[in-house]
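Structure record follows, encoded as structure tokens.
What follows is calculated from the coordinates using simple rules that are stated; it is not laboratory data. A quick note: this is a predicted structure, and the numbers were derived from the prediction, not measured. Cβ atoms come from the backbone with ideal geometry, glycine included; neighbour counts cover every protein chain shown.
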Amino acid sequence: MFDTPLTWHENGYLFMTGQPDIMAKLAEAAALQKSMGLTEVHIVDPEQIRELVPWIGTHGLLGGTYTPHDGRVTPTEGVAVLMQAARSSGVRYREHWEVRSLERAGTMWRLTGPGVVEAERVVVCTGYWSSDLMRPFGLELTIRPQPLFSAITGPALAGLRVPLTIDLDTGLLIEREGAGLVIAILFEENPPGYGHTRMLEEFGELARVRAPTLADLQVARHVVANVDMGGDGQPYVGLVEDGLWMVAGFGGHGAMHGPPVAELLAKVIAGRPDSTVDLGPLSPWRKPGATTEWMVAAKKG
Ligand SMILES: Cc1cc2nc3c(=O)[nH]c(=O)nc-3n(C[C@H](O)[C@H](O)[C@H](O)COP(=O)(O)OP(=O)(O)OC[C@H]3O[C@@H](n4cnc5c(N)ncnc54)[C@H](O)[C@@H]3O)c2cc1C
């Protein structure tokens, strides 16, 4: 698909839970994925989890799902390769060009930033900045930046495969980064004053149960980055006004969901909507709460 080589770290993806209703939802999602042709999605019980990730403590777990062929790329490398592929299809970029206003100009749209650009069709895909940009059109979106406090550890779990591992009941997240790990706790909303110190304390407490050998890891670096949270957990995709579309608000899943959703929207804009997927329920104009997201990994309390 891409001419430029890209390193793909195929570490797999493992969700786990001790909640019967979440386990049932995971099984439902796996059945749907299989019905769509994904063969490598496995429902796993605690014993299978122990075999896959022997460093996980399975006390209180009912099971989870494991997709061995999932993986990750380094974000900067991934974006560079996507840009390169789009460039070779004729896409042109203006970098460091902040759109400060977007307004109608006759039959065109006028974008004003460091200069002025007019276009027949505009797609706003500005992540958590989209709430502000879309407000003048009457859309009250609540997509917002939520800092995710994580840390990169020193060398750990040498020689072992470390899937992106998420405990859906506590928000505990562990994934491979070089010889070390990325560790974090996922929240729907950060508690007031939250930061690395508290995250690492709480990670230690949770890890004593769920990943005992990782409870006292040496931390090499603190990392903080904003996730595009808010809304009802589903992206806002579709027509805003004639000639103006938007796609934003992926709730921290946009690396996975962004590319196929963008392709579906491109088909709609080109007048050839996909016959198998209806983007209607994702309309930016949907009523608050019209869609729901159940897969929220979050520490309780
Ligand atoms: C630490 C972390 C880990 C993550 N892990 C995962 C993961 O494992 N899997 C996954 O699927 N997702 C993950 N995500 C989420 C994923 O990165 C986002 O959902 C995704 O990047 C959203 O894509 P987007 O194109 O909608 O917005 P963005 O990637 O935020 O892109 C929006 C772009 O618009 C630009 N922009 C904003 N305002 C303007 C303006 N006025 N004019 C011009 N340009 C503007 C911004 O500079 C930015 O480049 C993670 C996010 C973080 C922070």
At 7 Å along Cα-to-Cβ for each site, give me the label-to-label distance between V116 and L32 in nm.
4.6
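Just want to confirm a number: the relative contact order over the chain, from Cα pairs under 8 angstrom separated by 6+ residues, in percent. It would help to have the intermediate numbers written out before the result.
On the way: 526 pairs, mean separation 55.4, N = 301.
Reported as a whole number, the value is 18 percent.
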Report the FRET efficiency, 1/(1 + (r/R0)^6), for T107 and I43, where r is their Cβ-Cβ distance and R0 is 45 Å, rounded to 0.05.
0.25
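Net charge within 12 Å of G115 by Cβ-Cβ distance, Lys/Arg positive one each and Asp/Glu negative one each, not counting G115 itself?
Working: positive: R94, R100, R110; negative: E98, E118.
Result for the local shell: +1.
May I ask for the net charge around F149, where only other residues with Cβ less than 11 Å from the Cβ of F149 are counted and Lys, Arg are +1 while Asp, Glu are -1? Display every interim value, and only then the final one.
Working: positive: R198; negative: E202.
Surrounding charge for F149 is 0.
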Between W97 and D3, what FRET efficiency follows from the Cβ-Cβ distance if R0 is 30 Å, with the result rounded to 0.05?
0.70
At E188 and V224, where each label point lies 7 Å from the Cα along Cα→Cβ, what is the point-to-point distance in nanometres?
2.3
For the stretch 88-207, what D do you get in µm² per second when you plug the Kirkwood radius from alpha-carbon pairs into Stokes-Einstein at 4 °C and 1.567 mPa s?
70
Under a plain spin-label model, where a point goes 7 Å from the Cα along Cα-to-Cβ, how far apart in nm are I269 and V73?
2.0
Order these by the 10 Å Cβ neighbour count, fewest first: D45, D70.
D45, D70
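Any chance you could run the full-extension gain for A179 through S89? It's 0.36 nm times the residue separation minus the Cα-Cα distance, nm to one decimal. Please list the in-between numbers first.
Working: separation 90, 0.36 × 90 = 32.40 nm, distance 3.68 nm.
Going from the current span to full extension adds 28.7 nm.
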At most 15 other Cβ atoms within 10 Å and a DSSP loop assignment: could you name the GluC sites (Glu not before Pro) in the stretch 194-301 that fit?
E293
Diffing the stretch 47-52: the Karplus 3J(HN,Hα) column from phi (6.51, -1.76, 1.60, θ = phi - 60°), in whole Hz with x for Gly and Pro, holds 5, 5, 4, 4, 5, 6
Quick one: grab Rg to one decimal and Dmax as a whole number for the stretch 163-214, Cα atoms only, in Å.
11.0, 33
Pick from T112, T39, T276 the residue whose mean-square fluctuation is largest in a GNM of the chain, springs joining Cα atoms under 10 Å.
T276
Equivalent ellipsoid, the stretch 183-287 (semi-axes from 5 times Cα gyration tensor eigenvalues, Å)
39, 14, 12
Rg/Rh of the stretch 20-138 (Cα atoms, Kirkwood Rh), to two decimals, equals 1.18
For the chain, what does -39500 (n - 2.57) per DSSP helix run (n ≥ 4), summed and divided by total residues, give at 222 nm, in deg cm²/dmol to the nearest 500?
-7500 deg cm²/dmol
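Please work out the Cα convex hull volume for the chain and give it in Å³ per residue. Present the calculation step by step, with values, prior to reporting the outcome.
Values: hull volume 48.1 nm³, N = 301.
Enclosed volume per residue, from the Cα hull, is 160 Å³.
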